[in-house]
Protein chains: 2
Amino acid sequence: MEGLSARASNIGAGASSSDVILDALRTAIIRGELAEGQTLRQDAIAKMFNVSRIPVREALKQLEASGLVTSVRYKGVVVSRISVAEIQEIFDFRATVEPKLIAHAVPRMSQHSLDHAQQLCEAFAEETDGVRWGDLNRQFHSSLYLDAGLPYYFAAAEAANDRIERYIRAQLSLGHGRALAIAEHQQIIDACRAGEAERAADLTRKHIVKASESLTRIITERG
Amino acid sequence: MEGLSARASNIGAGASSSDVILDALRTAIIRGELAEGQTLRQDAIAKMFNVSRIPVREALKQLEASGLVTSVRYKGVVVSRISVAEIQEIFDFRATVEPKLIAHAVPRMSQHSLDHAQQLCEAFAEETDGVRWGDLNRQFHSSLYLDAGLPYYFAAAEAANDRIERYIRAQLSLGHGRALAIAEHQQIIDACRAGEAERAADLTRKHIVKASESLTRIITERG
DNA sequence: ATGTTGTATATTGGATACAATCGTGCAAGC
DNA sequence: GCTTGCACGATTGTATCCAATATACAACAT
């Protein structure tokens, strides 16, 4: 019996079709696999997942609520366009929210979390596949915020990152973005390990501001 | 031609059923007309609006994405419960975000916006109907943030307010909540009119913190 | 009495079918 | 040539129907 219950994984709690589709679309959008302005046809998506349009529409409604797509009645939904000003605003928002998270997390951070963050940092430094950089970078930052025990702040930060992740990925891939990030990540971990909450917060804020400036430079140069 | 285009308001962009339902449910939830934990039956809502369950489900998915309801597969959706700790966290979040908004808005604030805010402040002071207090209070604060031109911050603040508006309403109705709010609102307007962005921001932050403390006191006293 | 099992009902998730609307191309008229 | 009107296909919005699941309760065994 014990063996069974250990393996008994709540079959009913499995994800619904619309949950699966939501996750797939969300991932594709934030990775930039779906370009800005691209229209998403309900029928095409439904066929990809072998479902009817109903769960597709429900997933799209959720994406709309989180701002990743924009919907126009009888015309369709498109991947949301975002202006340079908005990108900068969202980076600024992150620079406001994320230092609060890490400052609150530091005195509560477990050894396990610190080790995990260190692992992610090293994996990020060693990774050669460019598309995985974004994943690891994102996981690294999230891992430092979880112990804060501030679910609303955390969700707000995650939502903000969703909106600009494609640009963060570009910034990591171009110029010295990644090399700088690695060094700064290590500094942040060190501050956390030393229990210096304010320093960790300040480093986090500077890290975000630098990424924003670097990205702005890239955009203005390349058009 | 100018007159026409000024009045030409997008007749095709009329709200869909699910938009109407979304708005009605959202309003009912944030006003507290639907209690926490109350389950929302698709069929019942569909009958209220004389539609099928499809647009109802789409509205519920959007509410779920914004956190106002919680959905469990095959069981239904319930109005999200929120703990005291979460309420305090969201007030803290507001105290972080809204000062930024008003500080950015002050140097950009039009005379019209100032006048409008003053009107709302006075209407709030004179209103006798308790349920309208919440509306006017909310409108007052929003009116001070619009000129900031920070749509992401603004949306984040609105979303945070949605989650705790029912408690703000309680806080306004009980004790000296409303009387204090009126005085503090006027101080904020005065700072805005004087162009003192930092003072307006600080008053806003204190206003939010005081409301949070007042509410916490009410909750702990009354259970 | 208590606990278990079968069954009926209520409710949600999803598929199919239909209605409403948009965009486009094309022909007619000026 | 340029505009106007219209027909048609493509696409979205919604209703209706069926399947999957949960919940409540009755029948039954111990």
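Could you put A:LEU146, B:LEU114, B:LEU22 in order of accessible surface area, largest first, with the 1.4 Å probe and the full protein assembly present?
Accessible-area ranking of A:LEU146, B:LEU114, B:LEU22, largest first: A:LEU146, B:LEU22, B:LEU114.
Show the residues, 5+ positions off or on another chain, whose built amide H is closer than 5 Å to the amide H of A:SER80.
Correct list: A:GLY37, A:VAL69, A:THR70.
Rounded to the nearest Å, what's the spacing between the alpha carbon centres of segment A:9-70 and segment A:160-209? Just the number, please.
After rounding, the separation between the Cα centres reads 30 Å.
With every protein chain present, what is the per residue accessible area of chain B (1.4 Å probe, Å²)?
I get 51 Å² per residue for chain B.
How much length would be gained if the chain were fully extended between A:THR70 and A:ILE218, taking 0.36 nm per residue of separation minus their Cα-Cα distance, in nm to one decimal?
50.6 nm
How large is Rg/Rh for the protein assembly as shown, to two decimals, with Cα atoms and a Kirkwood Rh?
For the protein assembly as shown, the value is 0.97.
Name the GluC sites (Glu not before Pro) in segment A:142-223 that are in a loop by DSSP and that have at most 15 other C-beta atoms within 10 Å, would you?
Of the GluC sites (Glu not before Pro), the ones in loops of segment A:142-223 whose Cβ has at most 15 other Cβ atoms within 10 Å are A:GLU196.
Could you tell me which of A:HIS104, B:ALA201, B:MET48 has its Cα farthest along the dipole of the protein assembly as shown towards the positive end, charges placed at Cβ (Lys, Arg +1; Asp, Glu -1), taken about the Cα centre?
Farthest towards the positive end: B:MET48.
Cα-Cα over 20 Å: which of A:LYS206/B:LYS100; A:LYS47/B:LYS75; A:LYS75/B:LYS47; A:LYS61/B:LYS47; A:LYS206/B:LYS206?
Long pairs (Cα-Cα over 20 Å): A:LYS47/B:LYS75; A:LYS75/B:LYS47; A:LYS61/B:LYS47; A:LYS206/B:LYS206.
Using unit Cβ charges (K, R positive; D, E negative) and no other charged atoms, how large, in debye to the nearest 20, is the dipole of segment B:84-222 about its Cα centre?
Its charge dipole is roughly 200 debye.
Of all the accessible heavy-atom surface of chain A, with the other protein chains kept in place and a 1.4 Å probe, what percent is carbon and sulfur?
54
Do any residues of segment A:113-157 show a loss of at least 40 square angstrom of accessible area between the isolated chain and the full protein assembly, using a 1.4 Å probe, and if so which?
A:TYR152, A:TYR153
To the nearest 100 Å², how much accessible surface do chains A and B cover up together, summed over both, with a 1.4 Å probe?
Result for this pair: about 2600 Å² buried.
Which one, A:TYR167, A:GLN186, A:ALA155, projects farthest toward the positive side of the charge dipole computed for segment A:153-223 from Cβ point charges (K/R +1, D/E -1)?
Checked the options; the winner is A:TYR167.
What shape does chain B have by the C-alpha gyration tensor, where a ≥ b ≥ c are the square roots of the eigenvalues, rounded means a/c under 1.5, and otherwise prolate means a/b greater than b/c and oblate the rest?
oblate
Highest GNM mean-square fluctuation, chain A, Cα pairs closer than 10 Å: which of A:ALA201, A:ALA117, A:ALA65?
The residue with the greatest mean-square fluctuation here is A:ALA65.
Assign one of three labels to segment A:114-174, namely rounded, prolate or oblate, based on the Cα gyration tensor with a ≥ b ≥ c the square roots of its eigenvalues; rounded applies when a/c is under 1.5, prolate when it is not and a/b is larger than b/c, and oblate otherwise.
In terms of gyration-tensor shape, oblate.
Which of rounded, prolate, oblate describes segment B:106-223, given a ≥ b ≥ c as roots of the alpha-carbon gyration tensor eigenvalues and a/c under 1.5 marking rounded, otherwise prolate only if a/b is larger than b/c?
Prolate, because a/c is 1.5 or more and a/b exceeds b/c.
I'd like the accessible area for A:THR96, computed on protein heavy atoms only with a 1.4 Å probe and all protein chains in place. Round to 10 Å², please.
For A:THR96, the solvent-accessible surface is approximately 20 Å².
How large is the helix-only mean residue ellipticity at 222 nm for chain B, computed as the sum of -39500 (n - 2.57) over DSSP H runs with n ≥ 4, divided by its residue count, in deg cm²/dmol to the nearest 500?
-24000 deg cm²/dmol, from helical runs alone.
Would you list the membrane-span-like helices of chain B, meaning whole DSSP H runs whose alpha-carbon atoms span at least 15 Å along their axis and whose mean Kyte-Doolittle value is at least -1.0?
Helices passing the filter in chain B: B:17-30, B:53-65, B:84-105, B:111-126, B:130-145, B:151-173, B:177-193, B:197-222.
Just tell me how shielded A:60-70 is by partners: mean number of partner chain Cβ atoms within 10 Å of each residue's Cβ, no decimals.
Averaged over the peptide's residues, the number is 4.
Magnitude of the Cβ-charge dipole of segment B:14-79, K/R +1 and D/E -1, about the Cα centre, nearest 20 debye?
Using only the charged Cβ atoms, the result is roughly 240 debye.
From other protein chains only, count the Cβ atoms within 10 Å of every residue's Cβ in B:96-102, then give the mean.
Mean shielding by partner chains, rounded to a whole number: 2.
The values are calculated or read from the model by the stated rules, or taken from the named source; none is laboratory data. Being a predicted model, the structure only gives us computed values, none of them experimental. Note that we place each Cβ from the backbone using ideal geometry, even for glycine, and neighbour counts take in every protein chain shown. For the accessible areas, the whole protein counts, side chains as well, though only heavy atoms, and no ligand, DNA or RNA atoms are used. Shrake-Rupley method; radii C 1.70, N 1.55, O 1.52, S 1.80 Å.
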